[in-house]
Amino acid sequence: MGLLAKSTRMFEYMLPWQQANWESFVGSFGNLHHAQIITAPEGYGLREFCLSMAQYSLCSDIDKKKNTWCGVCQNCQLFSAGSHPDFHVICNELESAQGRIDIIGEYSFRYQDESVRDQKGPLKKIIPIDHIRALIEKFVQRPHIATRKIALILPADRLNINAANALLKLLEEPPEDSLLFLLSSEPSRLPPTVLSRCVQIQLQRPSHEQVQLWLKDHTASEDIDLALQLTDGAPFKARQICESGLLQIQKELFEGLVGVCRKTASPYQLSKALQNTDFEEVIKWLQGFVLDMVRWKNTGKSPWWSANSEQDLKPDKFSNERLFQVYDRLCVYRRIARGSINEELALDTIFLTIQKMVR
Ligand SMILES: [Zn+2]
């Protein structure tokens, strides 16, 4: 779909599992609410869908038969070149510098310093108020060449409280000819004041067969099934952990955890080895590990990482009560992971607790 669909620097336009959502968007186009929150769990193509919405909204020669934009008008060409004056992307530093879709980074650099690309320290995950103020300034002007102005805000749940309050101005008194698309994988983290002023659209999940087919075309990895299992079936995350080496790190972490349980590996060395891995990601993996154990204990379904350890690590060695205590602690860490936390110390504590959990 679209003439530029094959271009390597572009996002992939239409994903096979988003067809119904797309038809519904196109069907209601013209009567769209000025502010939409589009949600999907991380890794299901939320960004792709919203970029498609944006390009469709800007195109001046929509193909009504194929329900798509034309790909050749001035709006479409500028959009794809990353230089459309009526398209705005507000995101955090992490998304600008390390997001997987180049065009999002390119547009976002109108609002933040391009030097974050080479930044050595950690990239900020929040969206500050000045970006929203700058967007408001642009949004109150008339569109330059398209018939409307479009803004994507992502991840909208990372707006800090002041930024969210500033955004209310656009939600309550929307400038003419403007559409706001707020992208979120965790909409429950958005302030109720923002939620109540937007229409919410939830993107559909693909079937297992759709994802498997898609992944076979998009990665050469032989670990597709494991990657899907570890990412809850999320296609982009599965591809990403295959290609980025994260799958390997997770495999090593789980091997290390088995060692910690068997007391053949040191909890401290394990947390040291994870120093350069994103803390929130590690906590999510650990939650998965503990849930695997709960399932193993209560249903007998052995987890993938238990293959070489079943002789001396059996589920009757841990108690449900202890497992849930560890899980609760991980939930607390996940909640405070966005604040200041001594990550290495937190991991030491978790690994020691896991070790003590085994009888
Ligand atoms: Zn066009």
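The values are calculated or read from the model by the stated rules, or taken from the named source; none is laboratory data. These numbers come from a predicted model, not from an experiment. Cβ atoms come from the backbone with ideal geometry, glycine included; neighbour counts cover every protein chain shown. When the accessible area is computed, the model is the full protein with side chains, heavy atoms only, and any ligands, DNA or RNA have been set aside. Shrake-Rupley method; radii C 1.70, N 1.55, O 1.52, S 1.80 Å.
Structure data summary
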quantity	calculated
Relative contact order of region 121-265, defined on C-alpha pairs under 8 angstrom at six or more residues apart (%)	17 percent
Rounded to the nearest 10 Å², the accessible area of Tyr327 at probe 1.4 Å	60 Å²
Accessible surface of Asp232 - all protein chains present, 1.4 Å probe, nearest 10 Å²	100 Å²
Estimated vicinal HN-Hα couplings, Hz - region 116-132 in sequence order (Karplus 6.51, -1.76, 1.60; Gly, Pro = x)	4, 4, 9, 5, 7, x, x, 8, 5, 9, 8, 9, x, 5, 5, 5, 6
For Ile38, residues with placed amide H under 5 Å, excluding near neighbours	Leu182, Leu183, Ser184, Ile201
Per-selection Rg to Rh, region 4-96 - Cα, Kirkwood hydrodynamic radius	0.93
Charge dipole magnitude, Cβ of K and R +1, D and E -1 - the chain, Cα centre, debye nearest 20	600 debye
Descending semi-axes in whole angstrom, ellipsoid equivalent of region 263-343, from the Cα gyration tensor	24, 16, 11
Between helix 246-261 and the chain: long-axis angle, C-alpha atoms, 0 to 90°, nearest 10	30 degrees
Solvent exposure, largest accessible area first (probe 1.4 Å, DNA, RNA and ligands not counted), of Ile224, Ile249	Ile249, Ile224
Acute angle (nearest 10 degrees) that the helix 343-357 long axis makes with the longest principal axis of the chain, alpha-carbon atoms	40 degrees
Whole-number Å³ per residue for the convex hull built on Cα positions in the chain	146 Å³
Percent accessible area from carbon and sulfur atoms, the chain, protein chains only, probe 1.4 Å	47 percent
Positive dipole terminus of region 314-359, leading residue within Ser340, Phe324, Leu352 (C-beta point charges)	Phe324
Relative contact order for the chain, counting Cα pairs under 8 Å that sit 6 or more residues apart, in percent	17 percent
Table column - 3J(HN,Hα) (Hz), region 133-140, Karplus curve with 6.51, -1.76, 1.60, x for Gly and Pro	4, 5, 5, 4, 4, 6, 6, 7
Sequence-separation-based contact order of region 81-181, relative, with Cα cut under 8 Å and 6+ spacing, percent	35 percent
0 to 90° range, to nearest 10: angle between helix 279-299 axis and the chain longest Cα axis	50 degrees
Heavy-atom surface of the chain, accessible at 1.4 Å and reported per residue (Å²)	49 Å²
By accessible area with a 1.4 Å probe, ligands and nucleic acids excluded, highest first: order of Ser28, Ser52	Ser28, Ser52
Which of Glu95, Glu106 is most accessible, then next, and so on - probe 1.4 Å	Glu106, Glu95
Cα-based Rg and Dmax for region 104-143, where Dmax is the largest Cα-Cα distance (Å)	12.1, 39
